[in-house]
Every structure is written in C-alpha cells, then in structure tokens.
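Single-structure report; data block below.
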Amino acid sequence: MFVPRSLKVKRNSNDDIKSCVAKKIKPEGEDLQLDQGRDVSVYTSVTEEATTPDRPSSQSGPFPGLAGPLREDASVGPEQGAEEPVKSFSKTQRWAEPGEPVCVVCGRYGEYICDKTDEDVCSLECKAKHLLQVKEKEENLKLSSPEKVGSEPESALDAAFYIYKEHPFILNLQEDQIENLKQQLGISVQGQEVTRPIIDFEHCGFPETLNHNLKKSGYEVPTPIQMQMIPVGLLGRDILASADTGSGKTAAFLLPVIIRALLESRAPSALVLTPTRELAIQIERQAKELMSGLPRMRTVLLVGGLPLPPQLYRLRQHVQVIIATPGRLLDIIKQSSVALSGIKIVVVDEDKKLFKPPVLVFVDCRLGADLLSEAVQKITGLKSTSMHSEKSQVERKNILEGLLEGEYEVVVSTGVLGRGLDLISVGLVVNFDMPSSMDEYVHQVGRVGRLGQNGTAITFINNNSKRLFWDIAKRVKPTGSLLPPQLLSSPYLHDQKKKEQQKDKQTQKDMVTGANLMDIIRKHDKSNSQK
Ligand code: AMP
C-alpha cells in the first residue's frame, strides 16, 4: 500500500491497510545518514534484497527514473526498532522540513509513497483522497476517449515514434491561401523554409493523452502564435518569437518541449528560463496540466525565495523539464553535482513587461526598516522586505536574489546595507530618513536611473537634518526639481547660505592675485617692522 521513505516497512503481500506499518523514526544521526545515502544514490541503490516480490524492481517499472532508496521496502529486521503504525489522518502528520518530500494532497510531510501511483502521501487519509482523484481523472479520460483508457504505454509509444509531418489539409492549401491566413492572423515570419502554420491542434498529430489535456485545459483552437510556433518547434528548429502577453506563448513553446521530452530517454531534456519566480510558477502549472497522464513526465521548479534543498531533491528525481530563474539555476550549478548535460532544448521566456524595477526606501535604523516594510506591505499590498545588519548572509543573498527575480516590489533598507544592492535596477528611491551626510545622500539617490534609465528620488526632510538644508538645496536645484517653500524659506537654510557666502568672501580675501599682491607684501613688511 505504502512504501516508506528511507525507513524500512513491514508489509505483507496482501497490502492490507491495517498491516501497513512504518518504523519508528530513528535517532537523528542515523536518519541523516540514510537521507544522505538516498540523495546521492537515488538512481542506483535499490538492491535486490531491498525489493519485495510484490513490487517491480526499480528498473522494470513504468517510471525507471524514480528508482532508488525511496522505494526501499525490505521486511523489518531485528535492528529496526519498534514499529509505528502508518498515520491515518493528515492532521497527525507533521509539516515537511526543507528537502523532504511533500504530500501531493495536503502538502504535509510525504512520509510514504503510494505504490499505485508513485506519488508522495502523508497518511492513509490523503492516500485515499489521492487515489480517488486519480480514479476521477481516469473516469474523465474514459468518457472522452474510451478506446484509449489505460493506454499510457501506448501513448509513450505514439510519442516515441513521433515525427511532425504537415497535415494533408495544410499541405493541400495554396500558397496564397496560407499567405492570406497569416496576414489575417497577424503572423509575420522571417527565416528560410519556415513550415506552414497549423490551423487546428489535430494537425499536429499529438498523442491522444496530450489532445485530451489540451481539450481539458480549454484549448479548442490554437492561437496565432501557437499556429506558427508549434510546427516549427516540433521540427526542432531554433525560434525567436515575439507576441503580446496573454497570447498563448507558453503553450506555444511547451507543446514542442513536451513532445521532445517524451522522445528523450535521458533526463532532464529541457530547460525553461524565465525572469521571475511568478512566471516560472505559472509555466510549471501549465506544463503539469498539459503533461498530465503522459509517461515519465516530471517537472522541477528552480526559483529563488524558496528553500533550495527541496528543489535539489526534486531535480534528482529524473525530471524531464526544468523551469528556472537564472539566479537560482546558477546557484544550483555551483553547488550541486546534478548533471544538466542532457538538456537539448532551452527556452528563454523573457517578458519584460512583467518586471517592474523595485522601490528602494532608505531609513536610518533596523527597527525602522522592519516596521516600515511591514506597514508598506499591509497598507499598499506591495510585496515588501527589509534589509539591515541583523539579516544573515543567507537572508541578504535571498533578498538580493528575490529582487533580481522581481519577487519584491519594495525593499526598505538601512543606508549601509543599501550599498550591497548595487546590482539591482531601481525605479524609485525614497530617503524616508535623510542620511546624515551629503556623500551618503548622493550614494543613495544614485541607485535610480542607472544604465540610461530614468528614475525618481523622493527625500523626506525635517529638522533632524537641518544642518544639511542648504547643501540639499544646492544639490537638487540644478536638476530642475521644485523645492518645497518650507525648505526654501527655512531660517537654517538662509543662515547656512549666509555663512557660506561669508566664508567665500574670506577665502577670496585670502587668495593671492595680481591685484592684491602688493597689498599683501606691504602688510607683511609692516607687521615685521613692528615686531
Ligand atoms: P500565455 O500568453 O501563454 O500566458 O497564455 C495566456 C492564457 O491563455 C493562459 O491562461 C493559457 O492557459 C490560455 N491559453 C493558451 N493557449 C490557449 C488556447 N489555444 N486556447 C485557449 N486558451 C489558451
């Protein structure tokens, strides 16, 4: 019924729910060892001894890539300690620690594997729910295409021999009909011998399961970008495509990616790079919908702002399609030995419209940063974070990564820490607290308008920074900004201005020029003779 994760389970071949018991959690050190073993040898370490007769061996199952110690289910030996019954209810299960498997139904710790589906579940309750969901899905499939029920291997076979050929209907169209169609749909193409667009998804000759998934997702007819991109992608050609947001680009690249991934025995076979975490999540959701029921199709999301270990864990599970943001992918390449060399398709989904440069707010203390960040999020609903010296290196790195990935809209920082944010392009700087020196002020304001982009800086001043009033006015005036009358009429400003002018006069007086040279010599001689 269940296959235990990392710990052995006493199972009887009748798989009676009541007889399915898991071992008590081992002492921490031992657990750790097991987990490490699981991670490093996930594809290879299922021994014959560890494979019960009622389960296929790791290599013979329909999902060969899911082999490994996760499937360990030998009988309980004397050294295994006391047994603990399989948890009945989801609520009695704890939440997953970073890096641990997650229940597909409720998101708690996926302590067991449902042997019917190979999915992670936390309890008998969730397993039952999960099987019910799977059954419902199968029923739906039966209703829509009765002849294909239970035909996963068949669809794998379909896919294994898949070659895109222009559909007879498309082939029989005249050249001017095609041109007319493209013109009407606003399709403009450059390149040599670009294949004709399709008009219907059926013209692609997809496996039935994929056609079913398209219908289920409400994709009745392809959008123009899909009409042209899908056949070109299916032929394995490189494409540079541009279309409006919401025009169906994601499915336009995902469908050829899915077909290619089905043809590949090595994993991973495709990498989708996106600028933001949100976009990556949307793409994965769509990929999962389209891949549903297709054999060996797994995805992994590698994005910043979420713990790294579960992502690394998932990456090692023979996933076919990686959806990643660049920062997190670089981290993983640096830290992990996971081979990414099988990747044949790289999709770069760049939608600049989705990336808004963040607002950078400077304050003068840590508490101020935390409080203001919370207040901004609460009142404006903008995703906000704080940056100050109490944040650990890891937290700082995550914040920077989140900013680069467009995850935060506002960051409230203390001045010194703000210097670490040099990498990000900022649309607006707010000096919520005016810094104590003009140098710092110039540095903070300088965060906007990098790389030829325009930016805005808003500075709040009060009497705490009164000694800088005249300096601020001098600095800001040449930019053409209107200065508030309260500042311009401030007695402090006038006092500072006057003092500066007097100082200038004095300096000028002290300066040696042709005109005053003789006066200075005479004065000097006079004072010497008096001595
Ligand atoms: P995208 O431009 O890829 O973000 O897609 C925008 C929305 O259109 C998404 O919600 C898709 O699920 C949906 N979509 C994509 N292709 C089609 C289609 N052929 N028919 C209906 N909806 C679609």
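Would you mind pulling out the separation of the Cα centroids of region 187-239 and region 367-392, in Å?
One Cα centre to the other: 45 Å.
Which pairs break 19 Å Cα to Cα here: Lys477/Lys503; Lys91/Lys288; Lys215/Lys344; Lys466/Lys499? Walk me through the intermediate numbers first.
Working: Lys477/Lys503 21 Å; Lys91/Lys288 27 Å; Lys215/Lys344 28 Å; Lys466/Lys499 14 Å.
Where the Cα-Cα span goes over 19 Å, the pairs concerned are Lys477/Lys503; Lys91/Lys288; Lys215/Lys344.
Expressed in whole Å with the largest first, what are the equivalent ellipsoid semi-axes of region 363-406 derived from the C-alpha gyration tensor as the square root of 5 times each eigenvalue? Show your work: numbers first, answer last.
On the way: eigenvalues 62, 46, 8 Å².
Whole-Å semi-axes of the equivalent ellipsoid: 18, 15, 6.
Roughly how large, in nm² to one decimal, is the mean projection of the convex hull of the alpha-carbon atoms in region 428-501?
Reported value for the Cα convex hull: 5.1 nm².
Per residue, what accessible area does region 174-293 have, given a 1.4 Å probe and all protein chains present, in Å²?
Working: 5770 Å² over 120 residues.
Here the per-residue accessible area is 48 Å².
To the nearest µm²/s, what D does Stokes-Einstein give for region 191-274 at 10 °C and 1.306 mPa s, using the Kirkwood radius over alpha carbon pairs as Rh?
Working: Rh = 13.4 Å.
Diffusion coefficient, whole number: 118 µm²/s.
Amide H of Val102 versus every other amide H placed in the peptide plane: which residues, excluding those fewer than 5 positions away on the same chain, fall under 5 Å?
It is Gly110, by chain and number.
Grab the beta carbon distance between Ser436 and Thr513, set R0 = 51 Å, and tell me the FRET efficiency rounded to 0.05. Could the numbers behind the result be given before it?
Details: r = 37 Å, r/R0 = 0.73.
It comes out at approximately 0.85.
With all protein chains present and a 1.4 Å probe, how do Ile170, Ile520 order by accessible area, largest first?
Ile520, Ile170
For Ser292, which sequence-distant residues (separation of 5 or more, or a different chain) have an amide H within less than 5 Å of its own amide H, given hydrogens modelled in the peptide plane?
none
Give, in nm to one decimal, the length gained when the segment between Lys505 and Ile379 is fully stretched (0.36 nm per residue of separation minus the Cα-Cα distance). Write down the numbers at each step before the final one.
Working: separation 126, 0.36 × 126 = 45.36 nm, distance 5.15 nm.
Difference between extended and current length: 40.2 nm.
If each of Lys91 and His494 carries a label point 7 Å out from its Cα toward its Cβ, how far apart are those two points in nm?
Placing both labels 7 Å beyond Cα along the Cβ direction yields 7.2 nm.
Go ahead and run the numbers for FRET between Val338 and Lys397, Cβ-Cβ distance against an R0 of 22 Å, rounding to 0.05. Could you put the intermediate results ahead of the total?
Numbers: r = 20 Å, r/R0 = 0.92.
Efficiency computed from Cβ-Cβ geometry: 0.60.
Which of rounded, prolate or oblate describes region 170-318 when judged by the alpha-carbon gyration tensor and an a/c cut-off of 1.5?
prolate
Could you order the peptides 467-477, 496-506, 323-333, 253-263 from most to least packed, using the average number of other C-beta atoms within 10 Å per residue? Walk me through the numbers before you get to the answer.
Details: 467-477: 16.7, 496-506: 11.6, 323-333: 19.5, 253-263: 23.1.
Listed from highest to lowest mean packing, they are 253-263, 323-333, 467-477, 496-506.
log₁₀ I(q)/I(0) of region 284-433 at q = 0.09, 0.10, 0.18, 0.19 Å⁻¹, via Debye over equal Cα point scatterers, no solvent, to two decimals?
Computed log10 I(q)/I(0) values: -0.36, -0.44, -1.06, -1.12.
Using a basic spin-label model with each label point 7 Å from the Cα along Cα→Cβ, how many nm lie between Asp200 and Ala128?
That separation, rounded to one decimal, is 4.5 nm.
Taking 7 Å along the Cα-to-C-beta vector as the label spot, tell me the Lys288-Glu166 distance in nanometres, rounded to one decimal.
For Lys288 paired with Glu166, the spin-label model returns 3.9 nm.
Between Ile281 and Val346, what's the calculated FRET efficiency when r is the beta-carbon distance and R0 is 22 Å? Round to 0.05.
Details: r = 19 Å, r/R0 = 0.88.
Given R0 = 22 Å and the Cβ-Cβ separation, E is 0.70.
The values are calculated or read from the model by the stated rules, or taken from the named source; none is laboratory data. Everything numeric here is computed off the predicted structure, so don't read it as measured data. All Cβ positions, even for glycine, are placed from backbone atoms using ideal geometry, and neighbour counts span all protein chains on display. In case anyone asks, the SASA skips ligands and DNA or RNA and just uses the protein heavy atoms, side chains included. Shrake-Rupley method; radii C 1.70, N 1.55, O 1.52, S 1.80 Å.
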